[in-house]
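Let me begin by presenting the structure, written as C-alpha cells, before commenting on it.
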Amino acid sequence: MLIAPLDWGLGHSTRCIPVIQTLIDNDFIVLLAACGNSAELLKQEFPKLTILPLQGYNISYSKKRMLFNTKLISQIPKMLRAIKQEHHWLKQIIEEHKIDIVISDNRYGLHNKTIKSIFITHQLAIETGGALTNSLVKKLNYNLINKFDACWVPDEEEPNDLAGKLSHPKILPKAPTIYVGVLSRFKKQLIEKTFDLLVLISGPEPQRTTLEKRMLLQMNKLSLKMVLVRGLPGETNKIINENIALTILNHLPAIELNRLIQSSKVIVARSGYSTIMDLITLQQKAILIPTPGQTEQEYLAKYLAEKKYFVSANQTDFNLETNMKSLQDLNQTKPLVSENKKLDVAIKSLK
C-alpha cells in the first residue's frame, strides 16, 4: 500500500495520519511518498515506515490577495506537468516495490490501470470566486478524479457536513464516491484548560510568515498565558521573544499537539480543512483566519461562521482582543464526531 499526500501545507499529510494508522491496524504493509515538511512530519509520526521521495508541485503563491487566484491559475500548465511526472514515477515504483494499492490525497497523477487507486479530496467542487471558472475547474477536476477507481471524501453526510458545497455538489464524479467521515489525527480527552490562547500557524509561504508576524505583534501586547506553534517541522532556529507569558514552538508531534489544543481555552488557526476537522473533533472554540485570496479557506470560514461553529476573521484587519470577544456568540455545541467506522469499513473493503 502506497500513501501519498499533496505537499501544499501540512493539512493533506495530517489528515492522512488516521488513514495510515487504520491501514497499519488492518495489517497492510504501508509505504509513504512525500517531500519537504510533509515528509518530515510523517517521519516523526511513523518513524518505522519507509518514505519514498516524491517531489511536490512546487506552486508559489502571491503576497497580494487580489492576485492569489490569478497566479495560481497561471501555474496550471506547471501542475499538469507535475501530474504527468508523478504518473510516470508511480509506474516505476509499482515495479520496484510491488505496490498493489495507492491512496492519493489530492495528487492527481497517482493512478495506474494495473493496481487499485483511491483519490482523497474534500473539494469535489473547487471554489475559485467566479461561476465560469468554477465550472471549468470542476470539469477538469472530475476528468482527473474519474481516472481513479474510487474517491473518498473526508466529510459527513448533510446536514452534519463541514465543507458545504465543496464536498456535496449536486452532481458527483463518475468514480464511485464514498463519504468516509471526518479524518482527524486527534482524540477527544478530558484535559484541564491551562492556557488562555493557542495560535497555530500553518499553510504555504509567504502568507505563513505574514500571519506569524502579525500574531506576534498582537500577542506580545497581552498578558494572557499563550502558546504559538509555527508549523515548521524540522526547523531548528528559534524565535527569541521577551514576553514570558508567550511560549513559541516550531512544531509538535500529534500526541503533544493533541494535549496542547485541548488544554487551551481558545484556538486561532487557518481555516484549512484538516485544521477544521481537528477542531471539530476536539470540540474547541476557535477563530479562523483564511489565507488571503485562498477562496476555499474563505468559503469554509464563512460557511462555518454562519453555522456559528467558529468565528471568522480577516488577516488584514485582524484584532485578537475583539475577535476573542466574538466567541461568546458561538453555538455551545458542535457536531459530535464519534469513532470513525466509515473509514474502517472503506479500508477493510480494499482487502
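Here is a yes/no grid of residues against (1) closer than 27 Å to LEU90 by Cβ; (2) open to solvent by less than 20 Å² (accessible area, probe 1.4 Å); (3) in contact with an Asp or Glu (Cβ under 7 Å, 6 or more places away or on another chain):
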site: ILE118; (1), (2), (3): yes, yes, yes
site: ALA150; (1), (2), (3): yes, yes, no
site: ILE171; (1), (2), (3): no, no, no
site: LEU190; (1), (2), (3): no, no, no
site: LEU198; (1), (2), (3): no, yes, no
site: GLU205; (1), (2), (3): no, no, no
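Close contacts from the stretch 79-94, counting a first residue that is under 14 Å from ALA4 (Cβ atoms) and a second that is surrounded by fewer than 14 Cβ atoms within 10 Å (Cβ to Cβ), with Cβ to Cβ under 7 Å and a gap of 6+ residues or different chains, come to ILE94/THR114. Scanning the stretch 17-57 for residues that are open to solvent by 30 Å² or more (accessible area, probe 1.4 Å), in a helix (DSSP H, G or I) and of a type outside the set (Lys, Arg) yields GLN21, ILE24, ASP25, GLY36, ASN37, GLU40, GLN44, GLU45.
Residues considered: PRO290, PRO253. Of these, the only one that is in contact (Cβ under 8 Å) with a residue 12 or more places away in the chain, in contact with a helix residue (DSSP H, G or I) (Cβ under 9 Å, 6 or more places away or on another chain), under 18 Å from THR316 (Cβ atoms) and not polar (S, T, N, Q) is PRO290. Against the conditions (1) of a type outside the set (Lys, Arg); (2) modelled with pLDDT under 90; (3) on the phi < 0 side of the Ramachandran plot, GLY203 satisfies every one except (3).
Tell me which residues, restricted to the stretch 102-134, are in a loop (DSSP other than H, G, I, E, B), of a type in the set (A, V, I, L, M, F, W, C) and either in contact with a Gly (Cβ under 7 Å, 6 or more places away or on another chain) or closer than 21 Å to ARG15 by Cα (or both).
To start, the set of residues in the stretch 102-134 that are in a loop (DSSP other than H, G, I, E, B) comprises 106-115, 121-130.
Filter again for of a type in the set (A, V, I, L, M, F, W, C), leaving 110, 115, 124-126.
Correct list: LEU110, LEU124, ALA125, ILE126.
So, of the residues in the stretch 27-60 that are of a type in the set (Ser, Thr, Tyr) and at pLDDT 90 or above, which turns out to be nearest to ILE93 (Cα to Cα)? Lay out the reasoning, then the answer.
Quick first cut of the stretch 27-60, residues of a type in the set (Ser, Thr, Tyr) only: 38, 50, 57, 60.
Going one step further and asking which of them are at pLDDT 90 or above, we end up with 38, 50.
Working: SER38: 19, THR50: 13 Å.
Within the stretch 27-60, the match that is nearest to ILE93 (Cα to Cα) is THR50.
Run down GLN297, GLN328 and say which single residue is open to solvent by 50 Å² or more (accessible area, probe 1.4 Å) and not in a loop (DSSP other than H, G, I, E, B).
Values: GLN297 fails: open to solvent by 50 Å² or more (accessible area, probe 1.4 Å).
Answer to the check: GLN328.
Hey, does the stretch 158-174 have a residue that's out of contact with any helix residue (DSSP H, G or I) (no Cβ under 7 Å at 6 or more places or on another chain), β-branched (Val, Ile, Thr) and either in contact (Cβ under 8 Å) with a residue 60 or more places away in the chain or assigned to a loop (DSSP other than H, G, I, E, B) (or both)? Yes, the stretch 158-174 contains a residue that is out of contact with any helix residue (DSSP H, G or I) (no Cβ under 7 Å at 6 or more places or on another chain), β-branched (Val, Ile, Thr) and either in contact (Cβ under 8 Å) with a residue 60 or more places away in the chain or assigned to a loop (DSSP other than H, G, I, E, B) (or both). Just name the residue that is nearest to GLU192 (Cα to Cα) out of those in the stretch 221-270 that are open to solvent by 30 Å² or more (accessible area, probe 1.4 Å), among the hydrophobic types (A, V, I, L, M, F, W, C) and not in a loop (DSSP other than H, G, I, E, B). My answer is ILE255. Only one entry in LEU320, LEU304 is at pLDDT 90 or above, touching a Phe, Trp or Tyr at 6+ places or on another chain (Cβ under 8 Å) and open to solvent by less than 20 Å² (accessible area, probe 1.4 Å), namely LEU304. Checking the structure you have, find out if any residue of the stretch 126-137 is within 17 Å of GLU296 (Cβ to Cβ), within 19 Å of the chain's Cα centre (by Cα) and modelled with pLDDT of 95 or more. Scanning the stretch 126-137 turns up no residue that is within 17 Å of GLU296 (Cβ to Cβ), within 19 Å of the chain's Cα centre (by Cα) and modelled with pLDDT of 95 or more. Of all residues in the stretch 219-238, those being farther than 21 Å from GLY272 by Cβ, modelled with pLDDT under 95 and of a type outside the set (A, V, I, L, M, F, W, C) number 6. Name the single residue, out of those in the stretch 109-157 being in contact (Cβ under 8 Å) with a residue 60 or more places away in the chain and of a type in the set (D, E, K, R), that is nearest to LYS351 (Cα to Cα). Applying the filter and picking the extreme gives LYS116.
The values are calculated or read from the model by the stated rules, or taken from the named source; none is laboratory data. Because the structure is a prediction, the values reported are computed rather than measured. Glycine also receives a Cβ, built like all others from the backbone with ideal geometry; neighbour counts cover every protein chain displayed. Remember, those area values only see protein heavy atoms, side chains included, never the ligands or the DNA or RNA. Shrake-Rupley method; radii C 1.70, N 1.55, O 1.52, S 1.80 Å.
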